[in-house]
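None of the figures in this text is laboratory data; all of them are computed from the coordinates on show. Note that this is a predicted model, so its numbers are computed, not measured. Counting neighbours? That spans all protein chains shown, and the Cβs are built from the backbone with ideal geometry, glycine included.
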Amino acid sequence: MTRTAGRPATRRRAVLVLLVVGVVVAGTWAVRVRAVEGMWPWQEVGERVTWCERDYARLPGPPRTLAAARAEYGQGGLQQVTTTGRGDRAREVWADPGPDHAVRTPDGWRPAMQTAPCAMTAYVRTGPDAFVPYEILGGP
């Protein structure tokens, strides 16, 4: 029995075309998610956040509970100060706002009246009791 030489080549070509189309679709989706939400699809939270006109870099390690974050923070004044990310993955940023920074209240945001030093550490809330730590870049 003889085989036609064209059949395996046609199958390989079809598989290759499907593979290329899949990679292009996945890449397009990933870029769209990055543009809309500010993070790649595989990122739970970004590597940097901005608050108090300062940049904060993510610290290594697992998320902390709120109690552990407050104990680590040392002051216990953690509360939501802003949000980071966009779309479905917008996350709360928690820090000690000090006496003069805007904070979230039940009635909305209370604006800042004066400028005070920025917190050295901020936390991004990723779950009901999960807070990822970030450290200020460039010193106080």
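See the values below:
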quantity	calculated
Rough spin-label spacing in nm, given labels placed 7 Å along Cα→Cβ, for LEU137 and VAL20	3.8
Peptides 20-31, 125-136 ordered by average Cβ neighbours within 10 Å, highest first	125-136, 20-31
Fewest-first sequence of THR83, THR10 by Cβ atoms within 10 Å of each Cβ	THR10, THR83
